[in-house]
1. Does at least one position in segment B:229-240 carry a residue that is within 28 Å of B:Ala31 (Cα to Cα) and in contact with a strand residue (DSSP E or B) (Cβ under 8 Å, 6 or more places away or on another chain)?
2. Within segment B:30-68, restricting attention to residues that are touching a strand residue (DSSP E or B) at 6+ places or on another chain (Cβ under 8 Å) and among the basic types (Lys, Arg), which residue is farthest from B:Ser83 (Cα to Cα)?
3. Hey, among B:Lys12, B:Lys85, B:Lys48, which residue is within 30 Å of B:Gly129 (Cα to Cα) and not in a helix (DSSP H, G or I)?
4. State whether one or more residues within segment B:18-37 are without any contact (Cβ under 8 Å) to a residue 12 or more places away in the chain and over 16 Å from B:Ala202 (Cα atoms).
5. So A:Phe75 ticks every box in (1) farther than 29 Å from B:Ile222 by Cβ; (2) within 14 Å of another protein chain (Cβ to nearest Cβ); (3) in contact with a Lys or Arg (Cβ under 6 Å, 6 or more places away or on another chain) but one. Which box is left unticked?
6. For segment A:23-48, which positions are among the β-branched types (Val, Ile, Thr) and away from chain B (no Cβ under 14 Å)?
7. Can you name every one of the strands (runs of 3 or more DSSP E) wholly within segment B:194-243 that holds 1 or more residues which are more than 26 Å from A:Arg15 (Cβ to Cβ) and aliphatic (A, V, I, L, M)?
8. Would you mind telling me which numbered condition in (1) within 12 Å of the chain's Cα centre (by Cα); (2) more than 14 Å from every other protein chain (Cβ to nearest Cβ); (3) under 28 Å from B:Arg223 (Cα atoms) A:Leu65 fails?
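The values are calculated or read from the model by the stated rules, or taken from the named source; none is laboratory data. This structure is a prediction, so every number in the text was calculated from the model and none was measured. Please note: Cβ atoms are built from the backbone with ideal geometry, for glycine as well, and neighbour counts cover all protein chains shown.
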Amino acid sequence: MLFRLEPHSGVPLYRQIVAEVQAATVKGMLRDGDRLPSVRELARSLGINPTTVVKAYDELARERLIVLRHGLGAFVTIGRPALSSDEREERVERLATRLAVEGRRHGYSESRLVAILRRALRRLRPGSAARERTPS
Amino acid sequence: MSAAITTRGLTKFYEERAVVRELDWEVPVGAAVALLGPNGAGKSTTLKLLLGFTPASAGDVRILGSDPWELAPETRARIGYVSEKPILPPWIRVERLIAFHASLYPRWDRVLAHELAATFVLNGSRRVGELSKGQNRALMLLLALSQRPELLLLDEPASGLDVAARRAFLQLLADYLSDGERTLVISSHLLTDVERLVSHVAILRAGRLIAHAPLDGLKESIRQVRLPIAAADQLRANLPAGCVLASAEAGRSALLTLQLDGRALEDLLDGVAREQVEVAGLPLEEIYLALVGAERPE
């Protein structure tokens with residue numbers, strides 16, 4: 001599992017780690033039961049503060065994307081109910097608003113925006129050409 | 001959470017000039033703090049005051065629960081320090097110096113010292129005076145880390161290190177912080193390095209502490225908003241006092257650097273046509289410049 005972080009950015013590092021894990025599960029690079037690196041391993045390999053990793057893992061555990069097993073590490077748990085349906089809807093709604101705003105700003109038509117969303121959905125399909133390499 | 005360092009009203013005059021002024025500061029155990037500020041803001045003096053290397057003109061310091069002037073040798077051994085200036089005797093050979101430090105510190109880690117000498121390519125038979133500036137820094141880091149401190153105070157530790165040594169240094173600090181309840185205070189001008197590592201940021205300006213906050217909190221609360229000038233005026237009218245850190249205008253748009261809770265900003269922007277507004281978070285360097293440059297009542 002590769003984490004690509006941009007420390008020199010406005011987004012806190014722990015949020016970047018959360019986003020990387022979320023993206024990897026959606027793309028199938030992380031599967032149910034996979035073990036994430038230990039806090040120490042990840043902090044060392046990225047040269048970052050271990051509390052940042054702890055904060056990210058706690059957040060992922062809260063979202064039920066991983067479970068923390070004491071002494072064993074963090075494991076991916078895909079396919080369990082994560083957030084409440086209201087929370088999920090709010091999240092997607094918020095992103096949809098951003099997509100709409102960004103699209104309008106660039107003068108995109110409604111049909112063009114819908115086409116972009118369709119394309120993004122297609123890219124997530126297992127086996128699609130745009131899918132990223134599976135981790136070794 | 002208990003405090004590794006507490007200062008109350010800490011003040012230092014050099015002759016007539018106040019270098020550190022009424023510093024009230026608390027560093028919790030387990031925190032990794034970047035101590036930032038322009039040259040001459042009092043960073044090095046603050047670190048020396050914490051260690052009792054120079055007497056305070058007024059105020060109190062507690063470091064690992066003690067007055068720095070009454071530090072028991074056992075407590076002193078739990079504190080590692082790398083000074084800004086090279087202070088190692090130039091005539092001594094590297095291996096002799098390492099052996100000497102090993103005899104001084106009860107928790108000395110021989111294996112770590114050996115690894116670090118290899119990492120930084122330090123030749124034991126060289127004399128300290130023959131080392132490059134970067135190697136001298138690396139040797140001081142080796143000495144401070146191998147004593148296995150609980151509190152590490154580093155004053156511009158990475159200056160002079162080459163790119164590879166700096167990356168190794170960041171990994172060492174990540175290791176150090178992984179080892180239980182370790183506290184770090186690091187003063188550095190290399191903001192992109194400390195940005196990876198620190199949990200908190202403290203900023204000194206002209207001897208005063210103008211900010212001390214978790215880095216994630218700063219990244220989430222300080223934002224740059226670009227919007228049309230008319231909308232900016234409308235937004236300004238609704239902003240709480242003191243939250244505009246900087247503002248600039250270019251053409252028909254205004255650029256405001258704001259410090260306020262993320263949701264509060266969303267609410268305030270509700271009345272503004274969203275397609276005209278861009279909101280962006282800032283890297284530490286920009287946050288630092290905004291805070292140091294902000295004209296705010298002290």
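1. Initially, segment B:229-240 is screened for residues within 28 Å of B:Ala31 (Cα to Cα), giving none.
No, segment B:229-240 contains no residue that is within 28 Å of B:Ala31 (Cα to Cα) and in contact with a strand residue (DSSP E or B) (Cβ under 8 Å, 6 or more places away or on another chain).
2. Selected residue: B:Arg62.
3. Details: B:Lys12 fails: within 30 Å of B:Gly129 (Cα to Cα); B:Lys48 fails: not in a helix (DSSP H, G or I).
Result of the check over B:Lys12, B:Lys85, B:Lys48: B:Lys85.
4. Our first condition is that a residue be without any contact (Cβ under 8 Å) to a residue 12 or more places away in the chain; within segment B:18-37, this holds for none.
Within segment B:18-37, not a single residue is without any contact (Cβ under 8 Å) to a residue 12 or more places away in the chain and over 16 Å from B:Ala202 (Cα atoms).
5. Failing condition for A:Phe75: (2).
6. Restricting attention to segment A:23-48, the residues satisfying the condition of being among the β-branched types (Val, Ile, Thr) are A:25-26, A:39, A:48.
Answer for segment A:23-48, where residues must be among the β-branched types (Val, Ile, Thr) and away from chain B (no Cβ under 14 Å): A:Thr25, A:Val26.
7. Values: elements: B:200-205, B:208-214, B:222-228.
In segment B:194-243, the matching strands (runs of 3 or more DSSP E) lie at B:200-205, B:208-214.
8. Checking A:Leu65 against (1) within 12 Å of the chain's Cα centre (by Cα); (2) more than 14 Å from every other protein chain (Cβ to nearest Cβ); (3) under 28 Å from B:Arg223 (Cα atoms), the one that fails is (3).
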